[in-house]
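Here's the structure, in structure tokens; my notes come after.
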Amino acid sequence: MKQTLVFATKALLSGLLIIVPVYLAILLLLKGMGSIVGLVKPLAQLMPEWVPAETLLSLLIVLLVCFLVGAAVLTRPGHSIRDWIEKELFEKIPGYALLRGLARQMAGGSRDNVWKPALLEGGEGLLLAFIIEEFADGRYTVFVPSIPTPFAGAAYVVDGKRVHPLDVPFAEALKTVSRWGAGARDLVAAMDKQALKGAP
């Protein structure tokens with residue numbers, strides 16, 4: 001029964017992480033195409049009737065705009081503009097920074113400490129946690145997930161001495177949560193290994 005529940009939860013979350021961004025992207029694409037149908041109508045009338053010219057030209061223009069924006073973002077000025085827009089607009093949306101960090105971790109491309117796996121020293125033992133942010137004074141905001149649902153839990157601000165960041169993939173820590181703690185032995189071993197490296 002537990003294995004079925006874990007599998008169902010994991011499958012649901014995995015499906016949502018794939019379907020929701022794709023669904024939103026398709027909605028935005030269709031909305032963009034609908035916005036420029038009027039602009040391409042004169043040009044579409046020059047093409048044969050059997051060609052869905054308005055739809056085709058709208059799609060091509062939207063894809064061209066996406067390409068140009070993507071290419072611009074890859075340049076140094078474009079990167080600066082994107083960072084400014086993120087900071088001034090998107091980061092003011094509640095939860096955006098966390099979701100962005102989570103998405104980067106899922107993609108394996110995050111270089112910051114957002115959603116970095118860690119073990120937290122609690123009153124009854126070690127708790128699997130994810131680092132959300134680090135304070136200038138060494139404290140951490142950590143998220144302690146509920147078992148077996150990784151994206152439900154509680155956030156705490158704790159002393160940095162109680163937090164042991166782990167050099168393990170995000171997916172591995174996530175898997176441990178969804179498996180009712182199975183695999184925690186490997187996470188503790190990673191913590192001990194890091195402690196030995198840091199020992200004088």
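The values are calculated or read from the model by the stated rules, or taken from the named source; none is laboratory data. This one's a predicted model, so the numbers in the text were calculated from it and none came from an experiment. Don't worry about glycine lacking a Cβ; one is built from the backbone with ideal geometry, like all the others, and counts go over all protein chains shown.
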Looking at D186 and the list (1) in contact (Cβ under 8 Å) with a residue 60 or more places away in the chain; (2) touching a Ser or Thr at 6+ places or on another chain (Cβ under 9 Å); (3) not in a loop (DSSP other than H, G, I, E, B), which single condition is not satisfied? (1)
Quick count over the range 144-170, residues being closer than 18 Å to V188 by Cα and not β-branched (V, I, T), is 10
Taking the residues in the range 115-126 that are surrounded by fewer than 21 Cβ atoms within 10 Å (Cβ to Cβ) and aliphatic (A, V, I, L, M) as candidates, determine which candidate is modelled with the lowest pLDDT. L126
Residue among S14, S58 that alone is surrounded by 10 or more Cβ atoms within 10 Å (Cβ to Cβ) and either at pLDDT below 75 or in contact with a Cys (Cβ under 9 Å, 6 or more places away or on another chain) (or both): S14
Give the residue, chosen from F143, F151, that is part of a loop (DSSP other than H, G, I, E, B) and not acidic (D, E). F151
Near pairs, Cβ below 7 angstrom, 6+ apart or cross-chain, from the range 154-175 (in the same structural domain as A136 (by TED's automatic domain parsing) and in a strand (DSSP E or B)) to any residue that is exposed (fewer than 12 other Cβ atoms within 10 Å of the Cβ) and of a type in the set (S, T, Y): none
Return the total of residues in the range 142-200 being aromatic (F, W, Y) and within 14 Å of P117 (Cα to Cα). 3
